[in-house]
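Beneath this line is the structure, given in structure tokens, with notes to follow.
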Amino acid sequence: MYIHRVGVQAAKAAKMKVVAVPSLQSNTHSYCDADSVLNSLLEFQPEEWGLKPFDDWVNNALPVDPIYFKGLYSDGFLLDSVDDGSNDLPNQVSGIYFGWTKADGGGIFKVVTAIGLGCYSSATRKKIQLCIIDGDTDQFRDQHMQLVLVGYIRGLSTKGNASGDIEILEQDKYIAVASLDMPAFGQHTSMASF
């Protein structure tokens, strides 16, 4: 943690603007001197720093390399551990994503996820809220699900991510539905993707 603080302080001493992306989301407090602390580089908006905006967004969504993971769906959330207790998701995956899910019961459905940090017992780990867009959520209760996320919508608010409160907005669902019908995002709907 000390090295991270030194880098931020050195850049600030050189009168530079500093955007920090901690390798561990639980260490964001180490970067308090930075002008901005992001959970992921996906959250970076160059236009906020006087730079040209990225041109790879498609209708308010960013195509991403597929992110595959699985877990047990219960009460609107996906438990992110696999059988051996390891975490399937990289630490930097945080925010509102969309893609496809396949449950034990079969079928492939559109999904929006909110991925942040949550406190469980004495540990901090991923909290994954799942919104199945084109299916009845009750039919998936206590089922193992496989997901492939193919698009990114936005980051979580700092307040939301710190408190463990994560929320999928109606606008997020609208963006996901519109995007998943586009060729740039729809190529992972086959059973072979799972």
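Counting just the residues of segment 3-35 that are surrounded by 13 or more Cβ atoms within 10 Å (Cβ to Cβ) and assigned to a loop (DSSP other than H, G, I, E, B), which one comes out modelled with the lowest pLDDT?
Per the stated criteria, the residue is PRO22.
Can you tell me how many residues in segment 63-78 are free of Cβ contacts under 8 Å to residues at least 40 places away in the same chain and surrounded by 11 or more Cβ atoms within 10 Å (Cβ to Cβ)?
0
Within segment 91-108, which residues are open to solvent by 10 Å² or more (accessible area, probe 1.4 Å) and of a type outside the set (A, V, I, L, M, F, W, C)?
The answer is ASN91, GLN92, LYS102, ASP104, GLY105, GLY106, GLY107.
Within segment 47-62, which residues are touching a helix residue (DSSP H, G or I) at 6+ places or on another chain (Cβ under 6 Å) and open to solvent by less than 50 Å² (accessible area, probe 1.4 Å)?
Matches in segment 47-62: VAL58, ALA61.
Could we say that LYS70 is under 17 Å from the mean Cα position of the chain (by Cα) and of a type in the set (Lys, Arg) here?
Working: under 17 Å from the mean Cα position of the chain (by Cα): yes; of a type in the set (Lys, Arg): yes.
In short, yes.
Listed here are the residues, each with its yes/no results for (1) part of a strand (DSSP E or B); (2) under 24 Å from SER40 (Cα atoms); (3) modelled with pLDDT under 85.
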position	(1), (2), (3)
TRP100	yes, yes, no
GLY106	no, no, yes
THR113	yes, yes, no
CYS119	yes, yes, yes
LYS126	yes, yes, yes
GLN139	no, no, yes
VAL148	yes, yes, no
GLY151	yes, yes, no
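Do we find that SER81 is surrounded by 13 or more Cβ atoms within 10 Å (Cβ to Cβ), polar (S, T, N, Q) and modelled with pLDDT under 90 in this structure?
Working: surrounded by 13 or more Cβ atoms within 10 Å (Cβ to Cβ): yes; polar (S, T, N, Q): yes; modelled with pLDDT under 90: yes.
For SER81, the condition - surrounded by 13 or more Cβ atoms within 10 Å (Cβ to Cβ), polar (S, T, N, Q) and modelled with pLDDT under 90 - is met.
Pairs under 7 Å by beta carbon, first residue without any contact (Cβ under 8 Å) to a residue 24 or more places away in the chain in segment 30-51, partner in a loop (DSSP other than H, G, I, E, B) and among the aliphatic types (A, V, I, L, M), six or more apart or different chains?
Pairs that qualify, where the first residue is without any contact (Cβ under 8 Å) to a residue 24 or more places away in the chain and the partner is in a loop (DSSP other than H, G, I, E, B) and among the aliphatic types (A, V, I, L, M), are ASP35/VAL18.
The values are calculated or read from the model by the stated rules, or taken from the named source; none is laboratory data. Just so we're clear, the structure is a prediction, and the values are computed from it rather than from any experiment. In this analysis, Cβ positions are derived from the backbone assuming ideal geometry, glycine residues included, and neighbour counts consider all displayed protein chains. For accessibility, only protein heavy atoms count, side chains too; no ligands or nucleic acids. Shrake-Rupley method; radii C 1.70, N 1.55, O 1.52, S 1.80 Å.
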